[in-house]
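*Asks:* Below you'll find the structure I mean.
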Amino acid sequence: MSHRDIGWSSRSFSRRQALACLAGLAATAMPVRSGQAEVASGRTVRSGLQEIFLTASAADHNFWADSGPATGMLAYDGKVPGPVLRVKQGRPLRVTLHNRLEDDTTIHWHGIRLPNAMDGVPGLTQPPVHSGEAFVYEFSPPDAGTFWYHPHANSLQQQGRGLAGVLIVEEDSPPAVDRDIHWVLTDWRLDDERQIVGGFGNPMEAGMAGRIGSLVSINGNFRQQEAFHDGEIVRLRLINACLARIMRLDFSRYNPIVIAIDGQPCDPHVPVDGRVLLGPAMRVDLILSMNGRPGRLYAIRDDFYPALSYDLSGFVCIGSLSRGRAPGDIGQWSLPRNPLPEPDLAAAARIGITIQGGMMGGMGGMMGTASSNAAWAINGSSMTGDGHAGMRPLATLERHRTYHLSISNDTAWWHPMHLHGLSFLVLKKNGESVPHRKWADTVLLAPRDLVEIAFVADNPGDWMFHCHVTDHQKSGLMTVLRIT
């Protein structure tokens, strides 16, 4: 199988296929249930509490929705990706995870500013959830936006075999669009029997770009087409759930407007060339002005790797809206800001972080290495695995103080660097100011990049800071920031 297995071009679309797309739209509007809870809207138990039950277990999944062999995977509630959890901003949430896997697991609530004990890092913030056991996560999401959840135990295998899901924290007053949809983008390596190819964590991938699959799915389907009407205004939430693949997706046909990054509202803006750059773990919310001829399928091209560019399924036009409208002034798409503390840059303490190692990068000067398998380091020190007790913090931060981090990528490879428990303001890249007031929890560094970020250390605890190319994290590119 190759990239061409998912290739599409603009072409005619049959009436039967169009009707199937409409049926799919109706199905996605149905509430999703997990255990006894209605996951799509939560279930009020008492005092506004929303309660959700999730089970991690082995499951079979068919990427093509045909009669061919299913793929043996790991899944939340038997779904790949897992159930879409829609919850309310600021409302208390309780999620009970039941582990029916053979191995330990946890859930990390990626991008949520929650109490440290709920962050899902085994050995650092909680004990691992053993097979046959359960763990209860309780927190109140302070920020509205697009987030996701995935394991942080044996994460290369578990996420790489299907454990991931979307967490949407709804705004009180969402933008007035015709539809709000999401795409979980994940890549896979399958053999001729449609089974996942092993070999996770091999040294070659660990020291280079990481495990990049040959097939890319949207919401667990290699042939998913998103039906639309000409004239629709759509909010599209993009989530890169790949282990290592970076994407640059061309939405130029639809006059895209970026309204949020990693769940945090930004100044609405049109991305350069209409393309959206997404490293692993990153999310972008777009407003799209849909246009096309009925019966035509329009692919979305991913051209980040020029020699391996391909068409990612895409949109099919099924008619026109009688009430179609223009998107209007770009400023109308501003989202309410989340309650993030504003950094005081004049009083900020400065911390320098240097990413080192990898093939063609050398590992000279490393110390404090936790494992001989380390291929990467931060400031000369490596921590391997998913997190463990006794991890010495890179720095101890004073609570409520502003910190200015300069992150230098002294390697030949790309790194999406993710900070748990906090969101940060991206200030500069290679000396140039970053526009549009971009808050994030994951920042993508190209080889030799220097990125500057700032945040207020308002959330106490030991917080992971690591590369979200999972091979890199597991082989040393991971540390801890302690807030006291």
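The values are calculated or read from the model by the stated rules, or taken from the named source; none is laboratory data. It should be emphasised that the depicted structure is a prediction, and the values quoted were computed from it without experimental measurement. Here Cβ is always computed from backbone atoms with ideal geometry, including for glycine, and neighbour counts include all displayed protein chains.
*Asks:* Does Val177 meet the test of being out of contact with any Pro (no Cβ under 7 Å at 6 or more places or on another chain), farther than 18 Å from Trp463 by Cα and in contact (Cβ under 8 Å) with a residue 60 or more places away in the chain?
*Replies:* yes
*Asks:* Still on this structure, please answer the following. Evaluate the following for Gly162: is it assigned to a loop (DSSP other than H, G, I, E, B) and in the same structural domain as His229 (by TED's automatic domain parsing)?
*Replies:* no
*Asks:* Here's something else I'd like to know. Take Asp410 and decide whether it is under 21 Å from Pro271 (Cβ atoms) and in contact (Cβ under 8 Å) with a residue 40 or more places away in the chain.
*Replies:* Here the answer is no, as Asp410 does not meet what is asked.
*Asks:* Taking into account only those residues within region 259-308 that are assigned to a strand (DSSP E or B) and surrounded by fewer than 17 Cβ atoms within 10 Å (Cβ to Cβ), which is modelled with the lowest pLDDT?
*Replies:* The selected residue is Arg296.
*Asks:* Here is a further query. Can you go through Asp143, Asp66, Asp77 and tell me which one is closer than 21 Å to Leu278 by Cβ and either of a type in the set (D, E, K, R) or buried (at least 17 other Cβ atoms within 10 Å of the Cβ) (or both)?
*Replies:* After ruling out the rest, the residue left standing is Asp143.
*Asks:* How many residues, within region 430-473, are over 15 Å from the mean Cα position of the chain (by Cα), part of a loop (DSSP other than H, G, I, E, B) and hydrophobic (A, V, I, L, M, F, W, C)?
*Replies:* Qualifying residue count, region 430-473: 3.
*Asks:* Which of the residues spanning region 203-212 are surrounded by fewer than 21 Cβ atoms within 10 Å (Cβ to Cβ) and either at pLDDT below 95 or not in a loop (DSSP other than H, G, I, E, B) (or both)?
*Replies:* Passing the criteria: Pro203, Met204.
*Asks:* Going residue by residue through region 312-323, is there one that turns out to be under 24 Å from His110 (Cβ atoms) and buried (at least 21 other Cβ atoms within 10 Å of the Cβ)?
*Replies:* Yes; the residues of region 312-323 include at least one that is under 24 Å from His110 (Cβ atoms) and buried (at least 21 other Cβ atoms within 10 Å of the Cβ).
*Asks:* All but one of (1) of a type in the set (Ser, Thr, Tyr); (2) part of a loop (DSSP other than H, G, I, E, B); (3) at pLDDT 95 or above hold for Thr354, so report the exception by its number.
*Replies:* The failed condition is (2).
*Asks:* Kindly establish whether Gln225 is of a type in the set (S, T, N, Q) and either surrounded by fewer than 22 Cβ atoms within 10 Å (Cβ to Cβ) or touching a helix residue (DSSP H, G or I) at 6+ places or on another chain (Cβ under 7 Å) (or both).
*Replies:* Here the answer is yes, as Gln225 does meet what is asked.
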